[in-house]
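Asker: The structure follows.
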């Protein structure tokens, strides 16, 4: 199988760190700034950053509808921190969750924690929480993968995988491996049809 082409939303935020991890794992990456950048991608990452700025950028560039079409087609999407917020009911409305912004507190309350994530082998992941959201509400089709202090910080629905923390910071690439494995599963199902 050829190296998958992963789009990384590059309007604002920590997109370059995700690109480095994905390339290290053998994927090709493309920075997504306008709808045409979505053509031909096999997966998409919505990075951390500032959700209000991302919302404005998505509206300015006309990306809302194309992102919705991508999700409806079953393209795997990984949302990290602000990316989680962007996928919720109040923003792009692609995932049946409601995020609570800055839920763990302001910048000065940033922290790291060991987070056991269901579906990821090898022990807990080190999560970097920077002005992090949590999932305040979720629908019945959302699978909860991790919680911290009783608050949901990782979940999956259909082809979408979201985390409150920054998995791209540091040396642990297991979350990105899990995301890429979703691409492989989708490819196998497509071949069987």
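Asker: So how far, in whole Å, is the C-alpha centre of the range 97-121 from the one of the range 47-85?
Answerer: After rounding, the separation between the Cα centres reads 19 Å.
Asker: Taking the Cα-to-Cβ direction at residue 98 and at residue 3 and moving 7 Å from each Cα, how far apart do the two end points lie in nm?
Answerer: 4.3
Asker: Between residue 109 and residue 53, how many nm apart are label points set 7 Å from Cα along the C-beta direction?
Answerer: Placing both labels 7 Å beyond Cα along the Cβ direction yields 2.2 nm.
Asker: If you take the C-alpha gyration tensor of the chain, multiply each eigenvalue by 5 and take the square root, what semi-axes do you get, largest first, in whole Å? Walk me through the numbers on the way to the answer.
Answerer: Numbers: eigenvalues 105, 75, 54 Å².
Those come to 23, 19, 16 Å.
Asker: A further question follows. Rank these for me by crowding, 53, 75, 29, going from fewest to most other beta carbons within 10 Å. Mind showing how you got there, number by number?
Answerer: Working: 53 13, 75 20, 29 23.
Fewest-to-most Cβ neighbours within 10 Å comes out as 53, 75, 29.
Asker: Next question, about the same structure. How many nm is it between the label spots at residue 136 and residue 20, if each spot is 7 Å from the Cα in line with the beta carbon?
Answerer: Those two pseudo-labels are separated by 3.4 nm.
Asker: Any idea what the relative contact order of the chain is, in percent, if you count C-alpha pairs under 8 Å spaced at least 6 apart? Don't jump to the answer; show the numbers that get you there.
Answerer: Details: 388 pairs, mean separation 35.3, N = 193.
Reported as a whole number, the value is 18 percent.
Since every read-out is calculated from the coordinates, none of them should be taken as a lab result. Bear in mind that the values here come from a model prediction, so they are computed numbers and not experimental data. Glycine gets a Cβ as well: all are built from the backbone with ideal geometry, and neighbour counts include every protein chain shown.
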